[in-house]
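Here the structure is laid out as structure tokens; the discussion comes afterwards.
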Amino acid sequence: MPRAAHPTLAFLASDAPGPQEAAGRLARLYGQTNPADADVLVPLGGDGFMLQTLRDAMVSGKAVYGMNRGTVGFLMNEYDENDLRERIAAADQEIIRPLVMEAVDVTGKTTRALAINEVSLFRQSYQAAKLSIFVDGHLRLEDLICDGVMVATPAGSTAYNLSAHGPILPLDAPLLALTPVSPFRPRRWRGALLPNQSTVRFDVLEDEKRPVNAVADNAEVKSVRSVTVRESRSETATVLFDSSHSWDERILTEQFRY
């Protein structure tokens, strides 16, 4: 959908002083529209605040143009106060589909949460986690002993997934990365690439002896017994990137870092 040549903007800032000051300056320069009425949301902060804004934008359907006032800012555009409306009107648009996590804890309670980056399972104690992995109902790995495992989206493939030596995925790749964290058995298993239509289920084995937590981005469920992960069929987030520093260019740059 074409964007307005002069979009109305809502500046959102994380709690840190730098983003708060930047939001005040930008509001004086471009005006501040109520987020519910704005054409575009402009979060100022780091990737964590960007993820929070994207989750909120899935409900409103607003486009999000983030500017980095944090540390890494991989999901953000460079901070620049000049010609902001023109840059936003000319920005490239990417549609992100989050993961849906349904986690059942040891009491039988089911928790649903969305993740733009990844859904992760982690050992809760000194004992390694012991998991079975099912893909579309088929048992693919009977016993995975590890510190953790995750399912990452293309948007999240350069985050924790990359730190765990998972693959980097282009944003438009119809894939999910299934990546272990410090696998002990099978020692040589390094994960898998799955079609984005796949449903992955993790069953926690010996859950009393080896308790496991599940995390969807920053939403944590403790002491899970089973976790199901799939790509959402309905929720989406719209992200705007400067054409001079597109997502594809960032992905290529990241792959040639050393």
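Only one of the listed residues (S198, S182) is among the polar types (S, T, N, Q) and touching a Cys at 6+ places or on another chain (Cβ under 9 Å). That residue is S182.
Note on segment 127-162: residues that are surrounded by fewer than 20 Cβ atoms within 10 Å (Cβ to Cβ) and polar (S, T, N, Q) total 2. Scanning segment 1-26 for residues that are in a helix (DSSP H, G or I), without any contact (Cβ under 8 Å) to a residue 40 or more places away in the chain and not acidic (D, E) yields P17, Q20, A23, G24. Of all the listed residues (L29, L54), the sole one being more than 24 Å from S246 (Cβ to Cβ), assigned to a helix (DSSP H, G or I) and touching a residue at least 40 places away in the same chain (Cβ under 8 Å) is L29. Taking the criterion of being small (G, A, S), closer than 20 Å to D172 by Cβ, assigned to a strand (DSSP E or B) and under 24 Å from the mean Cα position of the chain (by Cα), would at least one residue in segment 90-109 satisfy it? Among the residues of segment 90-109, not one is small (G, A, S), closer than 20 Å to D172 by Cβ, assigned to a strand (DSSP E or B) and under 24 Å from the mean Cα position of the chain (by Cα), which makes the answer no.
Within segment 64-89, being in a strand (DSSP E or B) and farther than 18 Å from T236 by Cα holds for M67, N68, N77. For segment 116-139, the count of residues that are free of Cβ contacts under 8 Å to residues at least 40 places away in the same chain, charged (D, E, K, R) and not in a loop (DSSP other than H, G, I, E, B) is zero.
Once segment 88-113 is narrowed to residues that are in contact with a Phe, Trp or Tyr (Cβ under 8 Å, 6 or more places away or on another chain) and surrounded by 17 or more Cβ atoms within 10 Å (Cβ to Cβ), the residue that is farthest from V200 (Cα to Cα) is I88. Is it true that G18 is surrounded by fewer than 20 Cβ atoms within 10 Å (Cβ to Cβ) and more than 26 Å from D248 (Cβ to Cβ)? Yes. Of the numbered criteria (1) on the phi < 0 side of the Ramachandran plot; (2) crowded, with 21+ Cβ neighbours inside 10 Å, the one G45 fails is (1). Here is a check on your reading of the model: is T228 more than 20 Å from S120 (Cβ to Cβ) and hydroxyl-bearing (S, T, Y)? No.
Evaluating I116 against the criteria (1) surrounded by 18 or more Cβ atoms within 10 Å (Cβ to Cβ); (2) touching an Asp or Glu at 6+ places or on another chain (Cβ under 7 Å); (3) assigned by TED's automatic domain parsing to the domain that holds T53 leaves one unmet condition, (3). Cβ-Cβ contacts under 8 Å between residues 6 or more apart (or on different chains), taken from a first residue in segment 234-249 that is modelled with pLDDT under 90 to a second residue that is of a type in the set (A, V, I, L, M) and part of a helix (DSSP H, G or I), are listed as S243/A90.
Close contacts from segment 181-194, counting a first residue that is over 19 Å from G156 (Cβ atoms) and a second that is β-branched (V, I, T) and surrounded by 14 or more Cβ atoms within 10 Å (Cβ to Cβ), with Cβ to Cβ under 6 Å and a gap of 6+ residues or different chains, come to F184/I145; R185/I145. Among the residues making up segment 141-155, those that are in a strand (DSSP E or B) and in contact (Cβ under 8 Å) with a residue 24 or more places away in the chain are L141, D143, L144, I145, C146, D147, G148, V149, M150, V151, A152. State whether one or more residues within segment 59-73 are free of Cβ contacts under 8 Å to residues at least 12 places away in the same chain and under 17 Å from the mean Cα position of the chain (by Cα). Looking through segment 59-73, at least one residue is free of Cβ contacts under 8 Å to residues at least 12 places away in the same chain and under 17 Å from the mean Cα position of the chain (by Cα).
The values are calculated or read from the model by the stated rules, or taken from the named source; none is laboratory data. The structure presented is a predicted model; accordingly, all values stated were derived computationally and were not measured. With ideal geometry, Cβ positions are generated from the backbone for all residues, glycine too; neighbour counts draw on all protein chains shown.
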